Structures are given as C-alpha cells and as structure tokens.
C-alpha cells in the first residue's frame, strides 16, 4: 500500500511539473503554443486551470499590462480588454467542465497580449532610435549654420547671407515643432532639407560659386566633374569639422586612416579618368567620398 501511495504521489508531482512546464511554454512563445501545444500536452482540468491562473495574472497584474496602460495605445488597450474578456469566459467554461473551449480562449487571450506588447516594445525601440537621429541631425545643422555665419561674413553679400540663414532657421524651427508634436519622421525630413541648404551654402563659399545642382548629366565626363566637386566639398567639410570640434583622441587615428584611403581612391579615380574611363572614375570617386563621410561623422557632424 505504501508503495502504491508513493507511486500516486510521484504521479501527482509529475503531473504538477507538467503543468508548470505548460505555463513556461505559454509565457515563452504564444506562436508555438498556438501551433503545437495541443499535440504536446493533453487538455485536461489541471493544465487548463493552471493556464487560467497564469493568464488571469497576465491580463490584470503583469508587466505587460503596465506597459500597455502606460503607452496609452488604443489598439493595445482594446486587445487587452478583449483578452480580459476571453479569460473571464474561459473561467466560465472551466466551471462548466468544458476544458477544450476554455483552452482555446486562453490561447487567444495570450496571443492578443503578446502581439501588442511586442509591438509596443518595437515601437519604443524605433522611437528612441529616431530621437537619436533627430538630435544628431539637429546638432549638425546648428554646427554648419555657425560655420556658415563665420565664413560668410567676408565672402557673401548681406542679402544672400540673410536668405540662406532664413532657410536654415526655418528648417530648424519647423523640425523642433514637429519633434515636439512627436512627429520625428517629419522632423528628420525637414532637418535634412535644412542640412542640404547648409552644406550647399558652405560648399558654395569654398568654391566661390554655385555647385552643380542637377543630377541629369549629358556625358560621363560631366558626371565625373560633379563627383570631383562633391569629393572636394566633403574634404572641406572634414577640415571644417576637425577645426570646429575636437574629436576624442581615439578617433583621430581612424579619421586619418579614412582620409588617407579617400585620397588613395581619389588618385585612382583621376588615373581612370585620365585613361578615358570616366564611368570607373565615377564609381571610385563615390567610394572615396564615402570614406570622407565616415570620417566626418566620426568628427562629430551627422550626414544623412
């Protein structure tokens, strides 16, 4: 008899462990649960009751609930309300002995909560990333604006300088307004336009003329000339960035390496063009400018 009691006790422990494993499986992956839980675990009173206890906590007192409520997301709040209703309905099914129906409702409740908490987590990551992009671009536009003011004092007429600064300032103000309204995509788009105005203005001062603004080229040689000018402009921006900011000493060696790689690629492009292969020269110049852009970013100026 004692042996039979021990065996019964062992079966009880085993059954309880199976139920606890079921809860872990539920929490880990609602998709896996929906696809295969039925085939791995029998739908019986004990496992379904344990699942109901877990889901009742999930839809009422869990971190997931706090996340949804704090976010104030309408779709997530609606899904949470539906999940809570499903859990209540599942408990009613349990009371009536309909374990299969209760199990289906619990799975649906779990899927709803999981879907929206994951979405909110991803939205939060995206929002933080966009906030960093906005702040970096805003700082770069301000830095370029300040540089333009200093350089333009001697080389640009008052009317032209005022017009350029107004365009930059309008972009900064509109970007800030959109960011305050939590429209970071719109804010970044506006700041990119202000950034283009600022970089073009600084490049114009370097050349003492207006750079090519159209990207419709009649010949490969004309496009090559444009890429030469673009590369020169970024050379100037790197010099400007290094003079305006003091990069961390650990960055200086890498910046120097990138600049040297860019110079080597520029020399290669010039040799290709001298041999009449302007298409190859264009591709090589683009690589050379890319190295400069990486160096400029390391020097503290954001380039989209």
How much length, in nm to one decimal, is gained on full extension between residue 74 and residue 167, taken as 0.36 nm per residue of separation minus their Cα-Cα distance?
29.7 nm
Modelled label-to-label distance, residue 270 and residue 248, 7 Å Cα→beta-carbon offset: nm?
3.5
Extension gain, residue 221 back to residue 277 (0.36 nm per residue minus Cα-Cα distance, nm):
19.3 nm
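What FRET efficiency do you get for residue 82 and residue 192 if R0 is 41 Å and r is their Cβ-Cβ distance, rounded to the nearest 0.05?
According to the calculation, E is roughly 0.50.
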Can you tell me, using C-alpha contacts under 8 Å and at least 6 residues apart, the relative contact order of region 213-304 as a whole percent?
40
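All of the numbers you see were taken from the coordinates with simple rules; none came from a lab. Since the structure is predicted, the reported quantities are computational estimates derived from the model, not experimental observations. Cβ: placed from backbone, ideal geometry, glycine included. Neighbour counts: every protein chain shown.
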